[in-house]
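S.K.: Take this structure first; my questions come after.
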Amino acid sequence: MGRVVPAQAEARGAFYDEMLAAPGQPRRPYLRIHQRLQTLGHSELRRRQRLAQRVFRELGITFTVYEDDRGIEKLFPVDLIPRVIDGRTWTRLERGLKQRVVALNLFLEDIYGEQRILRQGAVPSDVVLSADGFRRELVGLRAPRGLHCHVAGIDLVRDHVGEFHVLEDNLRTPSGISYVLANRQILKRVVPELFIGYDVRPVDGYCHEFLSNLRWLAGSRVVDPTVVLLTPGIYNSAYFEHWFLAKQMGIELVEGSDLLVDQDRVFMRTTDGLRPVHVVYRRVDDAYLDPIFGRPDSLLGIPGLVNAYRAGGVVIANGLGNGVADDKAVYALVPDIIRYYLGEEPLLPNVPTYICTRDAERRYVVDHLEHLVVKTVGGSGGYGMLIGPISTRAQRARMRRLIEAHPRRFVAQPVIDLSVQPVLTSGGIASRHQDLRPFVLSGPETTVTPGGLTRVALRPGSLVVNSSQGGGSRDTWVTASEDGAP
Amino acid sequence: MALLSRVATMLYVLGRDVERTEHLARLLRVHFELSLDRSTPSRRRFWSDFLVLAGWPVPGPVAREHAVALVLGDAAGPSLRRSLESARRAAQAVRPSLSMETWEQLNSLYWRMSDAGWQGRPDSYLRQVEMGTQLVAGLVDDTMTHDEAWHFVKLGKHHERAANVVRLVTRKAAELAEHEEDAIAWASVLRSCASLETFRMRFGAAVSAPAVSRFLLLDRRSPHSAGFCITAALAAVQGIDDPEAESPPHRVLGRLAATFQYADPAQVGASPGELATRFDGRNAELHQALRSAYFQPSQLALDPEGDQLTRHPQQQQQRSGG
């Protein structure tokens with residue numbers, strides 16, 4: 001079996017190390033951090049790391065994974081070494097992210113409206129209209145204020161020369177912002193000395209900004225709109241994030257059974273009768289949101305909610321049908337989407353993507369599986385991926401059959417050399433791969449919370465950073481200074 | 001601000017199950033300590049009586065180790081772990097309504113108790129649970145706004161405590177009736193209700209069955225008497241309801257409180273069972289009233305400000321059915 005990815009990430013050189021330009025030589029923004037880490041020493045750092053994990057557990061910052069139908073509560077491990085992004089780099093990223101999300105919102109408004117982009121042939125309509133996430137029944141719907149995506153989590157990776165690429169767009173129910181907020185809190189508590197002299201931009205503004213956007217969406221006719229967060233409930237893997245955000249925003253955390261729809265308006269059941277609800281920030285997927293519209297067996301949804309949304313009786317954030325823009329084959333078209341709506345060149349490059357419904361591309365993919373990463377177009381959480389270089393012959397044969405049978409379900413990309421950064425392990429400092437998920441809010445303005453969630457693959461050499469697959473995270477600093485140095 | 005009915009239910013469950021956990025822990029510890037020396041009359045049914053009291057129906061005599069393992073172990077049934085888990089689950093469901101301190105203590109208690117083993121030293125394990133649940137209860141009072149949400153926690157707690165005390169006193173009265181006056185056993189009943197000290201401060205060292213029954217059922221100032229708890233539950237309902245309206249739970253609790261306030265102490269001391277029977281009857285009514293008034297209100301009439309809609313659930317059902 002030919003290996004393209006070295007099994008041990010320690011083999012530095014092939015990957016961009018965010019912290020070290022060469023062994024023992026920290027990059028400029030990391031000089032002080034590096035010094036302070038050495039002063040603290042390994043055993044002290046390990047002690048503080050354990051303290052951080054204990055605090056996380058006591059605060060209830062856990063997520064649930066399911067094994068054999070049993071939910072097991074796990075900690076999302078946090079590494080104490082922050083990632084530092086200098087002001088200049090961030091300004092560039094921020095511009096690229098805003099550009100992308102603005103274009104994707106215009107795309108969604110168009111796709112569920114006149115479909116000009118398809119009629120003018122700027123992107124192939126067969127790819128767009130065959131996306132699972134495209135909800136034909138929503139065509140003609142006018143989204144409140146013309147916005148479909150109110151919060152997006154855009155996954156970025158850094159290649160071997162340190163250039164950022166967009167790996168995925170998450171426009172449905174992106175999670176992780178609570179860890180951004182919690183990681184910052186925990187770092188301040190556990191390693192306050194690391195902050196000294198760094199002018200780190202705060203992340204606390206997220207909840208306030210998001211809530212004021214959600215209230216703005218309700219429109220001017222509602223004076224004091226009621227905003228709620230709809231959760232699938234305490235057994236959902238992201239439940240921590242749901243209650244955390246509800247608490248931070250001071251809004252009601254509701255489950256499907258708390259709401260009912262009457263004459264296209266939404267109400268919550270209280271001890272004092274029914275109370276109107278104007279905006280639903282939902283963390284329930286489209287398919288489960290309304291048993292009339294999606295899965296009839298959904299116990300999480302609210303019958304009639306989608307009709308109420310269609311009739312303008314309630315705002316749902318994120319909007320319905322955003323999955324079409326998350327589709328990994330449509331992702332390949334995003335540079336064209338940006339050019340079409342904004343008349344600009346994309347500021348952030350995509351990762352080259354092979355669309356398997358195209359004969360030539362599919363032939364290339366099935367012939368080069370061992371060098372490619374194959375993803376399902378609607379997948380998330382790292383499930384159902386094939387990482388060619390570390391796959392077995394049998395796995396590749398199976399994938400080849402699947403691709404031939406269901407070409408629309410798969411895309412392939414070259415293996416991206418995710419950047420690395422040192423993490424603390426029991427045995428000392430070791431290098432691990434990571435990505436970055438910044439959160440982009442759309443309201444009266446488009447804003448990006450400084451930094452985002454850096455997800456770290458904790459297994460040596462692993463390229464999969466998803467929490468469900470054993471990933472962790474670290475605090476991500478954006479410095480006010482241009483070069484990141486304190 | 002009105003509460004979601006589901007949240008109200010879960011807050012009630014939280015108050016109830018924190019109290020249940022504390023009571024069960026203390027009950028087991030008192031029995032455990034009692035069984036260590038000869039202060040237990042060598043009654044064969046000592047541990048099976050305990051298990052029945054704790055909600056485990058058992059057919060015959062059981063050994064101490066078995067009883068302790070049932071309540072502290074993993075078996076399906078009213079175990080300590082289940083009630084603590086249930087309290088934590090309720091807290092999770094209403095996390096945004098709780099103070100950070102309340103949640104953190106309850107959650108950390110849950111993890112400490114899951115990590116710690118009880119084998120070998122059940123008494124110290126149980127003391128930790130008692131202390132932990134008391135700390136949670138104190139934090140509820142001291143860190144949460146005393147609003148509707150808080151009143152639901154208090155309602156659950158006081159309702160549970162009243163029921164526990166009534167059950168304990170009547171069961172013990174029945175058990176101990178066949179034996180000659182047993183001061184040690186009655187003192188342990190007081191200890192099971194964290195009331196031995198307060199009792200002695202009031203009445204001195206002499207413990208008698210009628211005095212204990214009167215104290216635990218009727219005393220107006222001891223926070224561990226059933227009468228006190230019913231009055232406190234009534235106050236909680238008054239805090240929840242619109243002051244103008246008189247809800248069904250208010251009426252039921254008001255009548256129950258009167259029953260305890262104006263009971264004849266001599267009669268209650270002589271046969272506590274009668275008061276208990278009346279309590280049980282009203283208790284069933286109370287459950288029904290709580291459900292219909294707060295937890296699953298059938299009154300879904302809409303009358304929020306600025307909304308002229310007025311709909312009733314029957315119509316709602318008909319529309320969605322049709």
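S.K.: Among the residues of the range A:434-476, write down those that are part of a loop (DSSP other than H, G, I, E, B), small (Gly, Ala, Ser) and touching a His at 6+ places or on another chain (Cβ under 9 Å).
M.R.: Passing the criteria: A:Gly443, A:Gly461, A:Ser462.
S.K.: Please determine, by comparing only the residues of the range B:40-98 that are over 17 Å from the mean Cα position of the chain (by Cα), closer than 30 Å to A:Ile251 by Cβ and of a type in the set (D, E, K, R), which one is surrounded by the most Cβ atoms within 10 Å (Cβ to Cβ).
M.R.: B:Arg95
S.K.: Separate question: When you scan the range B:255-266, how many residues do you find that are out of contact with any Lys or Arg (no Cβ under 8 Å at 6 or more places or on another chain) and either farther than 11 Å from B:Ala211 by Cα or of a type in the set (Val, Ile, Thr) (or both)?
M.R.: The first filter runs over the range B:255-266 and keeps only residues out of contact with any Lys or Arg (no Cβ under 8 Å at 6 or more places or on another chain), leaving B:257-258, B:260, B:262-264, B:266.
From what's left, either farther than 11 Å from B:Ala211 by Cα or of a type in the set (Val, Ile, Thr) (or both): B:257-258, B:260, B:262-264.
So the answer is 6.
S.K.: Test B:Val13 against the criterion of being surrounded by 21 or more Cβ atoms within 10 Å (Cβ to Cβ), within 14 Å of chain A (Cβ to nearest Cβ) and either in a helix (DSSP H, G or I) or touching a residue at least 24 places away in the same chain (Cβ under 8 Å) (or both), and give yes or no.
M.R.: The answer is yes for B:Val13.
S.K.: Any residue at all in the range A:152-166 that is part of a loop (DSSP other than H, G, I, E, B) and over 30 Å from A:Arg88 (Cβ atoms)?
M.R.: no
S.K.: Then there's this: Return yes or no: is B:Trp150 of a type in the set (Phe, Trp, Tyr) and surrounded by fewer than 21 Cβ atoms within 10 Å (Cβ to Cβ)?
M.R.: When the stated conditions are applied, B:Trp150 does not pass them.
S.K.: Let me ask something else about it. Since B:His158 meets every condition but one in (1) within 29 Å of B:Asp219 (Cβ to Cβ); (2) in the same structural domain as B:Leu34 (by TED's automatic domain parsing), which condition does it not meet?
M.R.: Every listed condition holds for B:His158 apart from (2).
S.K.: Quick check on my filter: what residues within the range A:276-320 are away from chain B (no Cβ under 12 Å), more than 23 Å from the chain's Cα centre (by Cα) and under 23 Å from A:Cys207 (Cβ atoms)?
M.R.: A:Val314
S.K.: Being among the polar types (S, T, N, Q) and modelled with pLDDT under 95 is the filter here; which residues of the range A:201-233 pass it?
M.R.: Within the range A:201-233, A:Ser220 is the sole residue that qualifies.
S.K.: Please work out if B:Thr133 is assigned to a helix (DSSP H, G or I) and over 24 Å from B:Gln92 (Cβ atoms).
M.R.: no
S.K.: Separate question: Name the residue, out of A:Val223, A:Val200, that is away from every other protein chain (no Cβ under 14 Å) and either crowded, with 20+ Cβ neighbours inside 10 Å or farther than 30 Å from A:Tyr331 by Cα (or both). Give the steps one after another, and end with the answer.
M.R.: Numbers: A:Val223 fails: away from every other protein chain (no Cβ under 14 Å).
Just one listed residue meets the conditions, A:Val200.
S.K.: Which is over 30 Å from A:Gly146 (Cβ atoms), among the acidic types (Asp, Glu), away from chain B (no Cβ under 14 Å) and more than 21 Å from the chain's Cα centre (by Cα), of A:Glu44, A:Glu114?
M.R.: A:Glu44
S.K.: Follow-up. Name every residue in the range B:71-114 that is polar (S, T, N, Q) and over 22 Å from A:Leu75 (Cβ atoms), in order of residue number.
M.R.: Hits for the range B:71-114 are B:Ser79, B:Ser83, B:Ser86, B:Ser97, B:Ser99.
S.K.: Identify the residue in the range A:245-275 that is facing another protein chain (nearest Cβ under 8 Å) and out of contact with any Pro (no Cβ under 9 Å at 6 or more places or on another chain) and, among all such residues, is surrounded by the fewest Cβ atoms within 10 Å (Cβ to Cβ).
M.R.: A:Gln263
The values are calculated or read from the model by the stated rules, or taken from the named source; none is laboratory data. These numbers come from a predicted model, not from an experiment. Positions of Cβ are backbone-derived with ideal geometry, glycine not excepted, and every protein chain shown enters the neighbour counts.
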